[in-house]
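Bear in mind that the values in this text are calculations on the coordinates, not laboratory data. Bear in mind that the values here come from a model prediction, so they are computed numbers and not experimental data. Cβ placement follows ideal geometry from the backbone for every residue including glycine, while neighbour counts extend to all protein chains displayed.
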Amino acid sequence: MSKVVAYAINQRDGIMAYTQDGRAAIDNNSAERSIRPIALGRKNYLFAGSKAGGERAAVLYTILGTAKLNDINPNQYLTVVLKRIGQHSINKVDELLPWNIDLSTPAQNEAI
């Protein structure tokens, strides 16, 4: 019984995250809603080609994974961001983050 209690105490942070955030999966086996595939993929990309290339791939993988967690099609999200980023103010780049972006409103001079 002491092993069970010790395990529960060691998992407290994960349990609290699950109870406080409705997007968190109850286990790491529930595919789409789990953060585990994102974290594993990001870690795996650190070994892609060079360290710098791996870090860039990890950043991109994380951004696209975050889009999925925000119920946004990653392909659509990346397409919209790439169309908008050239004319977007650098001090407003947070507007392009997956939880802030409005994909239904085209930017100025953006073809639909």
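Each residue of region 90-105 was assigned a 3J(HN,Hα) from its phi angle through the Karplus expression (A = 6.51, B = -1.76, C = 1.60, θ = phi - 60°), giving 4, 7, 10, 4, 4, 5, 8, 5, x, 7, 10, 6, 10, 6, 7, 9 Hz with x at Gly and Pro. Here the 3J(HN,Hα) profile of region 63-69, calculated from phi with Karplus coefficients 6.51, -1.76 and 1.60 at θ = phi - 60°, is 4, 5, x, 5, 4, 4, 5 Hz, Gly and Pro shown as x. First select every other residue whose beta carbon is under 12 angstrom from the beta carbon of residue 78; then total the charges, Lys and Arg +1, Asp and Glu -1. After counting each charged neighbour, the total is +3.
Report the extension gain between residue 55 and residue 17 in nm, rounded to one decimal, defined as 0.36 nm multiplied by the number of residues separating them, less their alpha carbon distance.
11.0 nm
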